[in-house]
Amino acid sequence: SRRLFKQALLLWSWCVERNLTISASHVPGMLNVRADFMSRNFIHHTEWSLDPRMFQQLLRMRPDIRNGLDLFANRLNRKLERYVSWRPEPEAIATDAFTLDWATLGVIYAFPPFILVGRVLQKILQDKADLYLVAPLWNTAHWYPLLLAMLCQLPILLPQNERIITQPTNGALHPLGRSLRLAVWPVSGISSKAISFRQELLKSSSHLGDPVHLNSTLRPGDSGLAGACDGVWIRFLHL
C-alpha cells in the first residue's frame, strides 16, 4: 500500500544516513509465535462466507459478477479470483477497500460485515460507483431507506437457510440462523441510474396509478417486496 511504501522509504533513508544495511531472513514459526499465529488465524468474528451453491446460482442470474472483484474478502472466503483483503495477503490485489476508488474497479461484488453496510453505502455515493451488495433485509435499519433509494436493478432475495452463511474456518452457523434474510442489492452512487430504474418500474407496472394494498403483518421479503421509494414499490427477484 502507499502508506507502507512511505514507511519503508523513511526506514531506508534513516539507514542510509547512518550507513546501516537491512537484510531479510526467515524466522521459523516456532520462534516467531505471535506473527505466525496471526498469519494463520486471522478470521474475525464478523467475517462470514456465503454458501457456495447459492453464489453459483447468483452467477447464473448475474454472469457479469464472474469476472468482477470481491471487495471484502480473505483467502478463505473469497468468491472471485480477484479480491481485496482486510489485512495484507499475497494473493489480494489490494488491502483495505475503503482506501480505494471504487468507481475504477469495474464490476464489484461486496459482502461486508453487517456493521459496515451504512458506511459502504456512503462510500458508493462518494465514489459514484456501482456494485452488487450482499446485505440483510433489515427494514428498520437506519441505512435501509438509502439502500432502496440507490437500487438500479431489482434486488435478488436469497433463500432462507440456516447454512446460508458460515464461518470459513470452522463452519460455524450464524447466530440468527434461519431468521436471517439476505439479498443481493444492485446499487449505484449515480442518482440518475436509480431514478431511471424507478421510472422503468412505473412504466412496466400493469396497474399504474392504482394503490398497492399490502398485509401490514407481513415483513419485507415475505410479501415479495423490498419496500417503496418515492412512491414506487420495489419487488424482489428470487434466487
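Readers should treat all values here as calculations from the given coordinates under stated rules, not as data from a laboratory. Just so we're clear, the structure is a prediction, and the values are computed from it rather than from any experiment. Reconstructed Cβ throughout: ideal geometry from the backbone, glycine too, with neighbour counts over all protein chains shown.
Miscellaneous remarks
- Calculated from backbone phi, Karplus (6.51, -1.76, 1.60) coupling profile of region 6-15 in Hz, x at Gly/Pro: 5, 5, 5, 5, 5, 5, 4, 4, 4, 5
- Evaluating 6.51 cos²θ - 1.76 cosθ + 1.60 at θ = phi - 60° for every residue in region 179-186, the Karplus couplings come out as 6, 7, 10, 10, 9, 9, 10, x Hz, glycine and proline recorded as x.
- What the Cβ-Cβ distance of Arg66 and Ile115 gives, at R0 = 25 Å and to the nearest 0.05, is a FRET efficiency of 0.35.
- Region 52-208 shape via C-alpha gyration tensor axes, a/c threshold 1.5: oblate
- Residues whose amide H lies under 5 Å from that of Phe111, counting only those 5 or more places away or on a different chain, are Leu71, Phe72, Val134; hydrogens are built 1.01 Å from N in the peptide plane.
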